[in-house]
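Undergrad: I'd like to ask you about the structure that follows.
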Amino acid sequence: MAITFYAGSGSPYAWRVWLALEHKQLPYDLKMLSFSNREHRAPAYLAINPRGKVPALVDGDVSLYESAAIVRYLEEAYPEPTLFPGSVRERAKIHRLVAEADYLERAQHDIFGSVFFTPQDRWNLDLIETQRKALLTELAWLESALPEDGSGFIAGPLSMADHALYPVLALSLRPERKKPDLAIAATLGPRTRAWKARIEALPHFDKTYPPHWR
Ligand SMILES: N[C@@H](CCC(=O)N[C@@H](CS)C(=O)NCC(=O)O)C(=O)O
């Protein structure tokens with residue numbers, strides 16, 4: 001039976017699972033829930049994820065929510081190709097980078113809320129500037145975590161670390177569409193730019209691009 005994958009456009013947690021499914025070249029039936037139509041809060045979906053959040057995944061008699069649990073399930077149920085390549089030490093680094101994506105996610109989430117979910121006439125410019133600085137700190141961390149020679153992926157071969165970090169980087173660049181003087185893209189370092197371009201050149205990348213960003 002095919003996997004059913006529940007996502008929401010632009011959700012970094014759903015996007016990372018989507019990239020993981022594509023990495024493993026698994027067949028799946030995508031259900032893109034509409035946040036604006038509150039489909040993630042409909043009773044039928046709450047029966048799958050009582051927290052009413054995306055992602056969720058149903059695979060036969062396995063029904064799961066929480067992206068970390070889903071990724072772990074996919075890796076154990078469908079080991080090849082692995083999302084966590086390398087030695088014990090290298091795999092531990094991938095797990096650490098996946099966990100560190102949460103710091104970047106928190107920083108982008110804060111500024112996203114202040115710019116996108118707050119009417120422009122109520123923008124708190126001091127708060128936005130503080131949030132911008134916090135985001136730039138995390139983006140500087142990303143630059144420093146990428147290979148010095150600008151080659152390959154963040155942990156060498158393509159891995160779950162790339163799938164977790166790319167979506168939050170992409171989201172970090174969204175607020176400046178509404179407030180161009182944030183100029184976040186202009187601050188990205190050369191390693192981040194090269195890595196971003198490599199992810200975006202992956203054959204499955206376009207398929208996973210948030211539909212409402214097109
Ligand atoms: N810890 C969860 C986080 C999932 C999450 O926060 N999803 C957000 C989208 S990024 C969501 O569905 N929000 C809708 C809501 O809370 O109403 C995971 O890793 O899956």
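Undergrad: In the list ALA42, ALA20, which residue meets the criterion of being within 23 Å of HIS212 (Cβ to Cβ), in contact with a His (Cβ under 9 Å, 6 or more places away or on another chain) and within 14 Å of the ligand (Cβ to nearest atom)? Quick ask: steps written out before the conclusion?
TA: Values: ALA42 fails: in contact with a His (Cβ under 9 Å, 6 or more places away or on another chain).
That would be ALA20, the only listed residue that is within 23 Å of HIS212 (Cβ to Cβ), in contact with a His (Cβ under 9 Å, 6 or more places away or on another chain) and within 14 Å of the ligand (Cβ to nearest atom).
Undergrad: Return the total of residues in segment 73-128 being within 18 Å of PRO175 (Cβ to Cβ) and loosely packed, with under 12 Cβ neighbours inside 10 Å.
TA: Within segment 73-128, residues that are within 18 Å of PRO175 (Cβ to Cβ) and loosely packed, with under 12 Cβ neighbours inside 10 Å number 8.
Undergrad: In segment 75-90, which residues are over 28 Å from ALA2 (Cα atoms) and outside any loop (DSSP other than H, G, I, E, B)?
TA: VAL88, ARG89, GLU90
Undergrad: Restricting to segment 23-39, give me the number of residues that are acidic (Asp, Glu) and within 13 Å of the ligand (Cβ to nearest atom). I'd like the intermediate steps shown before the answer.
TA: The initial filter retains those residues of segment 23-39 that are acidic (Asp, Glu), namely 29, 39.
From what is left, the residues that are within 13 Å of the ligand (Cβ to nearest atom) are 39.
Adding up the residues that qualify gives 1.
Undergrad: Give me the pairs: first residue in segment 68-80 and farther than 13 Å from LEU26 by Cβ, second residue surrounded by 13 or more Cβ atoms within 10 Å (Cβ to Cβ) and hydrophobic (A, V, I, L, M, F, W, C), beta-carbon distance under 8 Å, and six or more apart or on different chains, which are they?
TA: Here the result reads ALA68/VAL98, each pair linking segment 68-80 to a residue that is surrounded by 13 or more Cβ atoms within 10 Å (Cβ to Cβ) and hydrophobic (A, V, I, L, M, F, W, C).
Rule-based calculations on the coordinates, nothing more; no lab input. Everything numeric in this text was worked out from a predicted model, so none of it was measured. Virtual Cβ from ideal backbone geometry, glycine too; neighbours counted across all protein chains shown.
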